[in-house]
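The values are calculated or read from the model by the stated rules, or taken from the named source; none is laboratory data. Values in this document were obtained by computation on a predicted structure and should not be read as measured data. We place every Cβ from the backbone using ideal geometry, glycine too, and count neighbours over all the protein chains shown. Heavy atoms of the whole protein, side chains included, go into the accessibility calculation; ligands, DNA and RNA do not. Shrake-Rupley method; radii C 1.70, N 1.55, O 1.52, S 1.80 Å.
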Amino acid sequence: QFPGFAYCVVEHAAPADYLLDQSPHCTPVLVGTSTRAAPVTTLTVTDTEAAVTLFAHKYNSLDPDTVIPGATYDLYVEGSAPPSGVPSTMPPDAATEAGDTWYARRTTNQSGDLSFTVPAGYAWCLAEHAAPVDYQPDPALHCTAVLTSTSTPGDLTVALPETLATVHISATKFNSLQPDTEIPGATYELLEQGSAPSGYPTAAPPTDDPVPAGDTYWGQGTTGTNGVLTFAVPAGHSWCLHELTAPAGYQPDVGYHCTAVLTTDTSAAAASIALPEIPTPGQLPFTGGPGLLLVGGSLLLVTGGNGLWLLGRRSRRGPVPS
């Protein structure tokens, strides 16, 4: 260039996934003579990464209209981190994903949504760090294609299904006059207090025993040789057991034995309740004290692997069948 002048450069076209820099970048006035060249002047011009916004939506896999807040996800970039780095330090409890780099963490809002603003030109993966109460952790890694400044809204959105966790109701049937005697052959129906959980199949209730108003018939089962009956049910609901058929030599149990709402974090220090069966008249009364079976808890609720003891009681809603 000719000495005695300053020179400027302006970016005419930015590379893919970088922002166009229209600011002039100028040298000082160049010095020199016709016999001696001016010193070399170097201009360093940086380009800024373009940004895209990645959206994710969390919903109940069995009821897509039910959105799920409170699900925490970690975001990973496939490969090394962008030149701009990561916005925060990787938490010590974040999982390591082979070949990926941890980038950020977010939690779904009340609409079941979360978003990340990230550099363009990379592929991204979402991994659930913590599931909300009553839902199972999502083991899948949900990844996008490479997101660019020309990606469509569909490319920028990730659907995140969540599945309800399962809790187990286990009831033990015993002789009310001899509490250490476990009773097989007692058939109980299980009722959900309220409407049935969305997405689960429903069965027809017994025709000879109307379901109380406001309850939903779920199924039935019979106590085994150890007097135990179990049900696997979705978390987040309360349930009632009601006897349909008493075994020979015992009177029908007309009561409804109900739980509180069972969740994946229900306290283990919960009350327990037994399912007593009354012998038909003519059997000798039991004169001893209460047995260990009655004291030890004859209804065991196991939820999420934590041995929970929880079952409440309510009176029958509706007329008692004759």
Query - segment 91-109 residues that are within 19 Å of Thr144 (Cα to Cα) and surrounded by 13 or more Cβ atoms within 10 Å (Cβ to Cβ), paired with ones that are basic (Lys, Arg) and modelled with pLDDT of 95 or more (beta carbon under 7 Å, 6 or more apart) - result: Thr108/Lys58
Query raised in the report: Applying the selection to segment 218-244, what residues are more than 24 Å from Asp208 (Cα to Cα), assigned to a strand (DSSP E or B) and open to solvent by 20 Å² or more (accessible area, probe 1.4 Å)?
Result: Val228, Ala232, His237
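Inspect all residues belonging to segment 265-272 and state whether any of them is surrounded by 21 or more Cβ atoms within 10 Å (Cβ to Cβ), at negative phi, at pLDDT below 90 and assigned to a loop (DSSP other than H, G, I, E, B).
Keep residues of segment 265-272 that are surrounded by 21 or more Cβ atoms within 10 Å (Cβ to Cβ), which gives 266.
Next, only the ones that are at negative phi stay: 266.
From what's left, at pLDDT below 90: 266.
After this cut, where a residue has to be assigned to a loop (DSSP other than H, G, I, E, B) as well, the list is 266.
Looking through segment 265-272, at least one residue is surrounded by 21 or more Cβ atoms within 10 Å (Cβ to Cβ), at negative phi, at pLDDT below 90 and assigned to a loop (DSSP other than H, G, I, E, B).
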Requested in this report: Can you tell me which residue within segment 101-130, out of those that are modelled with pLDDT of 95 or more and either in a loop (DSSP other than H, G, I, E, B) or touching a Cys at 6+ places or on another chain (Cβ under 6 Å) (or both), is farthest from Pro234 (Cα to Cα)?
Outcome: Ala123
Requested in this report: Output the number of the condition that His142 fails; it satisfies all remaining conditions of (1) touching a residue at least 12 places away in the same chain (Cβ under 8 Å); (2) under 28 Å from Ser238 (Cβ atoms).
Outcome: (2)
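Name the residue, out of Val295, Val320, Val302, that is open to solvent by 20 Å² or more (accessible area, probe 1.4 Å), modelled with pLDDT under 90, in a helix (DSSP H, G or I) and of a type in the set (A, V, I, L, M). Even if it seems obvious, please write down each step before you answer.
Details: Val320 fails: in a helix (DSSP H, G or I); Val302 fails: in a helix (DSSP H, G or I).
After applying the criteria, what remains is Val295.
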Report summary line: Of the residues in segment 6-18 that are surrounded by 15 or more Cβ atoms within 10 Å (Cβ to Cβ) and touching a Ser or Thr at 6+ places or on another chain (Cβ under 7 Å), the one that is modelled with the lowest pLDDT is Asp17
Query - Pair list, Cβ under 7 Å, 6 or more apart: segment 202-225 residue closer than 23 Å to Pro276 by Cβ, other residue open to solvent by less than 30 Å² (accessible area, probe 1.4 Å) and not in a strand (DSSP E or B) - result: Thr222/Ala186; Thr223/Ile183; Thr223/Ala186
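Results for (1) open to solvent by 10 Å² or more (accessible area, probe 1.4 Å); (2) farther than 30 Å from Glu128 by Cα; (3) part of a loop (DSSP other than H, G, I, E, B), shown as yes or no for each residue.
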{"residue": "Ser170", "(1), (2), (3)": "yes, yes, no"}
{"residue": "Asp180", "(1), (2), (3)": "yes, yes, yes"}
{"residue": "Leu190", "(1), (2), (3)": "no, yes, no"}
{"residue": "Pro201", "(1), (2), (3)": "yes, no, yes"}
{"residue": "Ala204", "(1), (2), (3)": "yes, yes, yes"}
Query raised in the report: Applying the selection to segment 168-211, what residues are at pLDDT below 85, polar (S, T, N, Q) and within 30 Å of Asp65 (Cβ to Cβ)?
Result: Ser195, Ser198, Thr202
